[in-house]
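Working notes, beginning with the structure itself.
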């Protein structure tokens, strides 16, 4: 068993590094591939993504804490819980940002698919952020269930747990490697982001079985949200199969 303890002070640093790294990768990709929308449209997309991600992360994060919310409502402390700084989740941020961008694009008449440039930056950003979650330990509440595996981690309470934060960082590194090669394949516009989102949602659905979270009908709130997101992506894929095909990317020169 590996002993690390909990170091919550590292979490804000790695969260800042995650945003910085994600934005740096985004700028690099935009410089290489160009943008599919004009300057004003790009800022509309970015602003919508930021607002939607913030709201989605908070709403789903609070829903994830439904036992705490029920207890707070009974004790008259519900408002205190609602305004507390904790209670955010990456799945909610991704789904909220995605829905907000699609809504804003519909209002603005933007027909281009704009998500491809975000796929790799999100992989890098989330992976770096998860290292901060790992270092924060028990305070971050993203650790896994107790286990006797040789790589179990003791976060300071003498209990070996699955380091699910590191599992996720490794998964995202592998996903980034796959997506970075996708420029050689004839993927239609928008496919890269959909592959990223579907892969991450499927991963979170699976890995959350290793996390000690309250469940409803056998699944936790995050897993139900992942299923809803995957069902939506599947419906969009089927819709596109029966409508006019989008222009495909040409494979990169070898």
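Quick note: the coordinates plus some simple rules give every number you see, no bench work behind them. Please read all numbers here as calculations on a predicted model, not as lab measurements. Note that each Cβ is placed from the backbone with ideal geometry, even for glycine, and that neighbours are counted across all protein chains shown.
Here r is the Cβ-Cβ distance between residue 9 and residue 141 and R0 is 22 Å; the resulting FRET efficiency, rounded to 0.05, is 0.85. By the helix-only formula, in which each DSSP H run with n ≥ 4 contributes -39500 (n - 2.57) and the sum is divided by residues, the chain has a 222 nm mean residue ellipticity of -21500 deg cm²/dmol. Axis angle, to the nearest 10 degrees, between helix 116-136 and the longest C-alpha principal axis of the chain: 10 degrees.
In the chain, the alpha-carbon atoms span a convex hull of 155 Å³ per residue. As a rough guide to protection, the peptides 8-19, 166-177 ranked by mean Cβ packing within 10 Å, highest first, stand as 166-177, 8-19. The long axis of helix 221-241 is offset from the longest Cα principal axis of the chain by roughly 10 degrees. Apply 1/(1 + (r/R0)^6) to the Cβ-Cβ distance of residue 188 and residue 209, taking R0 = 25 Å, and write down the FRET efficiency to the nearest 0.05. That gives a FRET efficiency of 0.15. The angle separating the long axis of helix 39-64 from the principal Cα axis of greatest extent in the chain is about 30 degrees.
Pairs of Cα atoms nearer than 8 Å and 6+ residues apart set the relative contact order; for the chain it is 26 percent. For the pair residue 177 and residue 241, label points projected 7 Å from Cα toward Cβ lie 3.0 nm apart.
Each peptide in 122-135, 210-223 was scored by the mean count of other Cβ atoms within 10 Å over its residues; highest first, the order is 122-135, 210-223. Residue-normalised convex hull volume from the C-alpha trace of segment 1-54: 135 Å³ per residue. Go ahead and collect, in residue order, the members of segment 198-226 whose backbone nitrogen is under 16 Å from a label point 7 Å along the Cα-Cβ direction of residue 149. Output list for this probe position: 203-212.
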